[in-house]
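*Asks:* I'd like to ask you about the structure that follows.
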Amino acid sequence: MRYLTDRKKAVGMGSAKTGTAHFWAMKVSSVALLLLVPLFVFTFGCALGGTYEEVMAYYSRPFPAIVAALTFIIGFKHFNDGAQVLIEDYVHGMAQKISLILLTCISYAAMATGVFAIAKIAL
Amino acid sequence: MAEKSAMTGGSKGTLKGFDMADVNRGNRPLSPHLSIYRPQLTSITSILTRITGNALLISALFIVWWFLAAATSEEYFNVANGVITSWFGDLVMFFSVLGLWYHTLAGIRHLIWDNAIGLDLPTAYKMGYAVLIGSVVLTVLTVVIL
Ligand code: HEM
């Protein structure tokens with residue numbers, strides 16, 4: 001071991017080389033949510049509190065429906081990427097792998113359910 | 001023992017048989033030294049970004065459930081809608097809005113920081129207060145408007 005230089009010991013032990021894509025995905029979804037979140041809060045806020053008929057009529061309109069669908073898609077992608085960092089910080093080994101798989105299942109299941117519901121109401 | 005000689009060795013130049021990659025391995029305090037750090041605005045606003053972002057899953061699942069119920073039947077809608085518009089649902093929605101605006105403003109701060117802007121302490125503190133106060137103001141506005 002004492003014949004290895006510091007550099008040789010460090011080579012290959014660095015980044016996983018995929019961090020940049022994650023960082024960029026986080027930026028893109030953040031900027032998109034910056035627009036979508038206020039739109040969703042105020043459209044959903046308008047619909048909430050209405051009767052069944054009012055809610056069905058409101059979400060049959062293209063604008064609120066498309067805003068809600070986009071918010072679900074981008075919001076749950078952003079959540080998935082964000083919560084991945086939380087898990088990587090605190091959970092390690094096999095438990096980390098299982099947690100990340102479960103996280104992906106929850107994020108995409110919720111995303112698909114939300115989009116399905118909007119589509120069914122709107123169409 | 002090893003850590004002591006490594007530390008003194010570090011300041012006095014390179015010693016034989018000592019290398020940077022192994023200094024103190026496994027026997028050093030872990031960042032961010034939570035047990036010895038005084039809570040500061042910067043650390044509190046940082047962890048709140050994490051807490052709000054991840055806790056928003058609960059709000060998001062609540063809302064998806066409401067939409068699924070609406071897409072299923074009037075009876076199911078009335079069940080989900082009853083829960084979300086109850087006092088308990090109102091409480092959840094109130095804290096969701098507060099957490100969402102906090103996380104949004106903290107997110108904007110991160111997007112600014114990513115350009116290496118505002119990383120000095122005075123600016124970081126100003127933005128920290130802006131995020132905290134701004135999220136309360138936006139929450140009040142949202143409650144008033146809706
Ligand atoms: C306008 C809306 C939003 C903006 C601008 C935004 C922005 C950001 C940014 C910039 C980060 C990275 C922070 C860092 O580098 O440490 C982040 C993290 C995160 N965001 Fe958001 N976000 C928004 C909405 C949401 C929503 C709606 C959710 C949940 C459904 C969410 C969940 C998360 C999570 C879980 C993280 C990871 C936090 C951690 O490190 O544990 N965000 N967000």
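The values are calculated or read from the model by the stated rules, or taken from the named source; none is laboratory data. The structure presented is a predicted model; accordingly, all values stated were derived computationally and were not measured. With ideal geometry, Cβ positions are generated from the backbone for all residues, glycine too; neighbour counts draw on all protein chains shown.
*Asks:* Could you list, in sequence order, the residues of the stretch A:54-88 that are more than 13 Å from the ligand (Cβ to nearest atom) and hydroxyl-bearing (S, T, Y)?
*Replies:* Residues satisfying the conditions are A:Y58, A:Y59, A:S60.
*Asks:* From the residues in the stretch A:98-122 that are closer than 13 Å to A:S60 by Cα and in contact (Cβ under 8 Å) with a residue 40 or more places away in the chain, which one is surrounded by the most Cβ atoms within 10 Å (Cβ to Cβ)? Let's see the steps before the verdict.
*Replies:* To start, the set of residues in the stretch A:98-122 that are closer than 13 Å to A:S60 by Cα comprises A:117-122.
If we keep only those that are in contact (Cβ under 8 Å) with a residue 40 or more places away in the chain too, we end up with A:118-119, A:121-122.
Values: A:I118: 25, A:A119: 12, A:I121: 21, A:A122: 17.
Among those that are closer than 13 Å to A:S60 by Cα and in contact (Cβ under 8 Å) with a residue 40 or more places away in the chain, it is A:I118.
*Asks:* In this structure, is A:L100 more than 10 Å from chain B (Cβ to nearest Cβ), in contact with an Asp or Glu (Cβ under 9 Å, 6 or more places away or on another chain) and of a type outside the set (K, R)?
*Replies:* Working: more than 10 Å from chain B (Cβ to nearest Cβ): yes; in contact with an Asp or Glu (Cβ under 9 Å, 6 or more places away or on another chain): yes; of a type outside the set (K, R): yes.
So A:L100 passes the test.
*Asks:* B:F94 versus (1) at pLDDT 95 or above; (2) touching a helix residue (DSSP H, G or I) at 6+ places or on another chain (Cβ under 6 Å): which is the lone unmet condition?
*Replies:* B:F94 satisfies all of (1) at pLDDT 95 or above; (2) touching a helix residue (DSSP H, G or I) at 6+ places or on another chain (Cβ under 6 Å) except (2).
*Asks:* Would you point out which residue out of A:L4, A:L33, A:L86 is in contact with a Lys or Arg (Cβ under 7 Å, 6 or more places away or on another chain), facing another protein chain (nearest Cβ under 9 Å) and either under 25 Å from B:S135 (Cβ atoms) or free of Cβ contacts under 8 Å to residues at least 24 places away in the same chain (or both)? Show your work before the answer.
*Replies:* Details: A:L4 fails: in contact with a Lys or Arg (Cβ under 7 Å, 6 or more places away or on another chain); A:L33 fails: in contact with a Lys or Arg (Cβ under 7 Å, 6 or more places away or on another chain).
Being in contact with a Lys or Arg (Cβ under 7 Å, 6 or more places away or on another chain), facing another protein chain (nearest Cβ under 9 Å) and either under 25 Å from B:S135 (Cβ atoms) or free of Cβ contacts under 8 Å to residues at least 24 places away in the same chain (or both) holds for just one of A:L4, A:L33, A:L86, which is A:L86.
*Asks:* Now, a different point. Just wondering, is there one or more residues in the stretch A:41-58 that are at the interface with chain B (Cβ under 9 Å from one of its Cβ atoms) and among the acidic types (D, E)?
*Replies:* yes
Quick grid of which residues meet (1) farther than 22 Å from A:F42 by Cβ; (2) within 16 Å of the ligand (Cβ to nearest atom):
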| position | (1), (2) |
| --- | --- |
| B:L48 | yes, yes |
| B:A55 | no, yes |
| B:Y76 | yes, no |
| B:V79 | yes, no |
| B:G89 | no, no |
| B:Y102 | no, yes |
| B:H110 | yes, yes |
| B:D120 | yes, no |
| B:I133 | no, no |
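*Asks:* Select from the stretch B:117-132 the residues that are of a type in the set (A, V, I, L, M, F, W, C) and in a loop (DSSP other than H, G, I, E, B) and list them in ascending order.
*Replies:* Residues of the stretch B:117-132 of a type in the set (A, V, I, L, M, F, W, C): B:117, B:119, B:121, B:124, B:127, B:130-132.
Matches in the stretch B:117-132: B:I117, B:L119.
*Asks:* Report the residue count in the stretch B:70-116 for those that are more than 8 Å from chain A (Cβ to nearest Cβ), more than 27 Å from A:V55 (Cα to Cα) and part of a helix (DSSP H, G or I).
*Replies:* Final tally of qualifying residues: 7.
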